[in-house]
Amino acid sequence: MFLLAAAFTGTAAGTIHVPFRDIAAILAHHIIGTGLDLDASVDNIVWKIRFPRVVLAGLIGASLAIAGAAFQGLLRNPLADPYTLGVSSGASVGAVLILFFHVSIPFLGGFTLPAASVIAAIFTIFGVLLFARAVERSMKLETIILTGIIFSSFLGSFISLMIALTGEELRQIINWLLGSVSMRGWPYVQLLLPFFVTGACMLMYMAPELNAMSFGEEKAKHLGVNVQRKKMLVLVAGSILTGAAVAVSGTIGFVGLVVPHLIRLLVGPDHRHLLPLSMIAGAGFLILADLTARTIISPTELPIGVITSLIGAPVFAVILLNKKQKGSVT
Amino acid sequence: MLQVNELLGGYGSGLIVRGVSFSVKQGELFGILGPNGSGKTTLLNMISGLTKPSGGTVLVKEKPIQAYLPKELARVIAVLPQMTSSQFAYTVKETVSLGRYAHQKGFFKSWTAEDERAVQEAMNQTGTAGFAEKPLSALSGGERQRVFLAQALAQEPEILLLDEPTNHLDLSYQKELLDLLKKMAADGLTVISIFHDLNLASLYCDRLLLMNKGKIHTLGQPADIMVEEHIHNVYHTNVQKQPHPEVPKPQMSLLPEWPVQPDIEIDETFIEQHSDYLAIRPPVPLKALSSGVIGAGWGWRSAFVNRHVDQNYQLDNFEEEAAAYFSNKGFDLQETVGMMTAVKMEDAAWRKETQESVSVLAVATAGAGNAVDVTRPRTSWKEKQTPGTINIWVFANGKLSEEAFVQGLMTATEAKVKALADAGITDRETGTIATGTSTDSTLVAATQRGAYQQFAGSVTPLGIAIGRAVYEAVAESLQKTARRRASL
């Protein structure tokens with residue numbers, strides 16, 4: 001319900017207001033082929049511009065939130081987020097390289113950037129995991145986190161280096177880094193969707209294992225979980241989700257950190273409920289954030305990452321404060 | 001059930017467990033003991049499949065542990081680690097339910113009635129059902145430990161491994177937990193547990209494994225392990241063994257190394273003589289073995305009282321009355337040996353004897369009215385007798401072995417019998433020489449400082465001192481009471 005309301009509001013609002021009833025009619029027209037007696041320009045705005053944007057924002061929010069929830073559980077660290085393992089830095093390096101060198105791979109055209117970004121993200125995951133494995137064969141989570149931090153800061157400095165060397169692309173790069181879902185359209189949705197479905201299904205299927213692993217790897221092993229394999233699967237699934245999301249929209253902060261927290265406060269830590277609900281709430285949250293980003297000082301659009309951080313940081317601060325006051329251990 | 005052969009293992013390059021072999025039968029409660037760093041936890045981790053051994057084999061139900069799938073192994077072995085924590089506020093029931101992970105089958109891992117039953121049973125057994133819906137973070141350390149025990153039990157394992165399970169538990173839950181483990185072992189569960197507390201391990205385990213530096217020091221029944229020498233060799237700590245008061249299992253007491261204390265000599269000057277009681281209050285508690293109205297048996301006592309009562313003193317609840325009396329006089333009942341006699345306190349006698357390095361003070365109140373020859377059969381026992389009791393106190397200024405205490409009692413008794421014989425006191429019913437009276441009490445107390453006295457037999461210095469002092473004191477007191485009677 002929350003998601004539907006957010007989606008409709010997100011589609012309706014903007015410089016040209018479109019009533020909910022018309023949106024429903026347009027969606028019905030495109031999805032189940034009912035007749036349409038509306039202005040073609042309204043149809044275009046809704047179906048070609050606003051609706052894909054809403055769907056994309058929703059998918060990205062869902063991806064980041066579910067990946068964040070899974071990483072927090074797996075790493076037993078409520079402060080973990082989808083970017084902890086350096087995946088976003090990897091994806092950013094891919095994207096910034098494309099922007100920096102103005103490369104455009106034939107066949108891919110406008111898709112060059114997200115494609116390079118996804119590939120860079122996947123390379124980063126395996127880089128992190130292989131390095132962690134080289135450090136310690138049993139791949140303790142602490143090792144993985146440390147490796148992630150190393151990769152993150154290294155790749156981060158790489159991005160800074162490129163920013164320092166750029167001239168007029170600076171604004172473009174910064175904008176990309178701050179994250180945006182504008183002017184993406186259906187192709188981006190199609191690009192993201194397979195990664196999302198794969199990653200989300202893998203994570204939700206592993207909810208019981210995540211429950212066990214949040215009591216520690218040793219306990220999980222005693223309970224009969226094949227820790228090595230499941231850990232790897234969670235990391236890969238979460239990274240696929242994050243990498244794909246970063247690739248199409250840049251680094252959007254705080255969704256993956258705050259949304260799982262809120263849901264955990266509402267329904268408890270059981271991943272069987274936490275994961276799907278985080279996904280829905282993440283989608284709704286990002287749709288509303290995007291709505292705010294493009295309407296608050298309309299017609300100028302703010303980067304969506306600014307909004308999520310503006311909302312997310314205070315919310316998170318309040319949560320932390322409450323928790324400390326209650327005296328429970330974080 | 002479980003067989004360990006020549007197991008080697010450890011973390012990093014060093015071997016922590018170096019060649020350990022043993023086997024555990026089904027239904028056994030098996031304890032692993034050893035000092036910190038002796039390899040107990042490493043050994044347990046290899047048995048649970050957590051750590052891969054560097055050498056040797058672990059056979060679980062005659063199948064190598066490596067051949068088990070993780071879920072399959074979790075249905076046979078459950079583990080309760082020292083401490084489990086979670087960052088997140090799972091409820092007790094959610095936590096316990098995770099124990100069913102290995103039993104859930106199929107794509108959707110549906111929750112069956114069987115799962116629910118196992119979880120409820122585990123919570124009931126561990127007394128955690130009462131707070132099933134509470135978050136773990138709201139529980140005390142001991143409650144949390146019981147929740148994780150419930151989780152392990154919900155796995156319905158055949159082997160339960162525990163790492164110092166009583167660590168966070170208070171005394172009553174320690175007992176409850178171990179009683180529960182004992183009961184489940186009797187029902188066929190194999191329990192292997194690491195213990196820090198030697199006495200708990202000895203009390204509950206069927207067999208014990210004492211580890212030292214990664215190897216087996218001793219393996220066997222508690223009586224084989226709980227040997228002062230073994231414990232000293234492994235823990236480098238002085239202990240003394242005693243029997244458990246109720247259960248035929250040995251217990252160990254720590255012997256602290258306190259600074260050397262000055263010697264104390266108990267002599268006549270400590271005797272407080274009043275018309276209705278006689279007392280000795282030594283400056284430090286004395287180790288005493290005694291019979292008497294209060295404070296009988298073994299104990300460390302700081303007051304000794306012999307109370308005069310009227311010869312018609314006859315109460316059903318005499319113990320209560322006596323306790324009230326001693327309390328009134330300002331004696332701490334926990335630390336006092338109290339005796340009673342109809343003999344007048346003026347007729348008490350004492351004697352101090354020194355032999356070589358040991359001295360003994362004997363105090364006696366002796367009345368022969370109820371004199372009895374214990375070796376003669378008697379046809380009847382007259383309830384109302386003339387008053388007469390022989391109470392003997394022996395204070396030894398030395399460090400006595402338990403054997404010396406027993407021999408001290410024997411020697412004192414022999415001296416008493418001789419004093420009666422020399423005084424020609426007879427059992428009035430049988431007409432033969434009496435060996436004592438029907439209500440005698442004896443006490444041997446020692447300062448436990450100064451020279452060590454292992455024996456108190458009749459030819460040892462301590463024995464000779466006891467024999468002479470007791471004989472003289474009893475003889476003198478007998479004379480005094482006899483004179484008093486004659487003068488009446």
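Sorted from largest down, what three extents in whole angstroms do the Cα atoms of chain B have along their principal axes?
Extents along the principal axes, in whole Å: 104, 46, 45.
Would you compute the Debye intensity of the range A:140-219 from its alpha-carbon atoms alone, equal scatterers and no solvent, and pass along log10 I(q)/I(0) at q = 0.11, 0.12, 0.14, 0.27 Å⁻¹ to two decimals?
Evaluating at q = 0.11, 0.12, 0.14, 0.27 Å⁻¹ gives log10 I(q)/I(0) of -0.59, -0.69, -0.87, -1.12.
Please list the three semi-axes, largest first and in whole Å, of the ellipsoid equivalent to the range A:59-177, using sqrt of 5 times the eigenvalues of its alpha carbon gyration tensor.
Working through the eigenvalues yields semi-axes of 27, 16, 14 Å.
Could you tell me the extents of chain A's C-alpha atoms along the three principal axes, largest first, rounded to whole Å?
63, 47, 39
With labels modelled as points extended 7 Å from the Cα through the Cβ direction, what inter-label distance (nm, one decimal) is found for B:R449 paired with B:M345?
2.7 nm
List the extent of the Cα atoms of the range B:298-439 along each of their three principal axes, largest first, rounded to whole Å.
Per principal axis, max minus min of the Cα coordinates gives 44, 39, 28 Å.
Packing-wise, with mean Cβ within 10 Å as the measure, how do B:338-347, B:477-486, A:24-33 rank, highest first?
Listed from highest to lowest mean packing, they are B:338-347, B:477-486, A:24-33.
If I take every Cα pair under 8 Å that is 6 or more residues apart in the range B:2-254, average their sequence separation and divide by the length, what percent do I get for the relative contact order?
That works out to 25 percent.
Check each residue of the range B:49-80 and keep those whose accessible area, probe 1.4 Å, is at least 10 Å² smaller with all protein chains in place than in the chain alone; give them in order of residue number.
Relative to the lone chain, where solvent access is computed with a 1.4 Å probe, the range B:49-80 loses at least 10 Å² at B:G49, B:L50, B:P70, B:A74, B:V79.
May I ask for the Kirkwood hydrodynamic radius of the range A:190-330, worked out over all distinct Cα pairs and given in angstroms to one decimal?
Every distinct Cα pair counted, the radius reaches 16.7 Å.
If you place +1 on the Cβ of every Lys and Arg, -1 on the Cβ of every Asp and Glu, and leave all else neutral, what size is the dipole of chain B about its Cα centre, to the nearest 20 Debye?
Dipole of chain B, to the nearest 20 debye: 880 debye.
Give the accessible area for B:W350 in Å² (nearest 10); use a 1.4 Å probe, count only protein heavy atoms, and leave out ligands, DNA and RNA.
It works out to around 70 Å².
I need the per residue convex hull volume for the range B:1-145, using only the alpha carbons, in cubic angstrom as a whole number.
159 Å³
Using a probe radius of 1.4 Å on heavy atoms only, what accessible surface per residue do you get for the range B:1-119? Whole Å² is fine.
Per-residue accessible area for the range B:1-119 comes out at 42 Å².
Could you work out the relative contact order of chain A, using alpha carbon pairs under 8 angstrom and six or more residues apart, expressed as a whole percent?
It rounds to 30 percent for chain A.
Can you give the translational diffusion coefficient of the protein assembly as shown in µm²/s, computed by Stokes-Einstein from the Kirkwood radius over Cα pairs at 10 °C and 1.306 mPa s?
Translational diffusion coefficient: 47 µm²/s.
Could you list the square roots of 5 times each eigenvalue of the Cα gyration tensor of the range A:19-106, that is, the equivalent ellipsoid semi-axes, sorted largest first and rounded to whole Å?
Calculated on Cα positions only, the semi-axes equal 37, 22, 9 Å.
Can you give the relative contact order of the range B:214-346 as a percent, counting alpha carbon pairs under 8 Å and 6+ residues apart?
In percent, rounded to a whole number, it is 19.
If the limit is 19 Å between Cα atoms, which of B:K25/B:K213; A:K231/B:K61; A:K140/B:K52; B:K287/B:K480 go over it?
Violating the 19 Å limit, Cα to Cα: B:K25/B:K213; A:K231/B:K61; B:K287/B:K480.
Out of the GluC sites (Glu not before Pro) in the range B:95-139, which ones are loop residues according to DSSP with at most 12 other C-beta atoms within 10 Å?
Filter output for the range B:95-139: B:E133.
With every protein chain kept in the model, how would you rank B:H196, B:H244 by accessible area, 1.4 Å probe, largest at the top?
The residues order as B:H196, B:H244, largest area first.
How large, in percent, is the carbon and sulfur part of the accessible surface of the protein assembly as shown at a probe radius of 1.4 Å?
59 percent
The values are calculated or read from the model by the stated rules, or taken from the named source; none is laboratory data. Small disclaimer: the values here were computed from a predicted structure and weren't measured. Counting neighbours? That spans all protein chains shown, and the Cβs are built from the backbone with ideal geometry, glycine included. Keep in mind that these areas ignore ligands, DNA and RNA; they rest on the heavy atoms of the full protein, side chains included. Shrake-Rupley method; radii C 1.70, N 1.55, O 1.52, S 1.80 Å.
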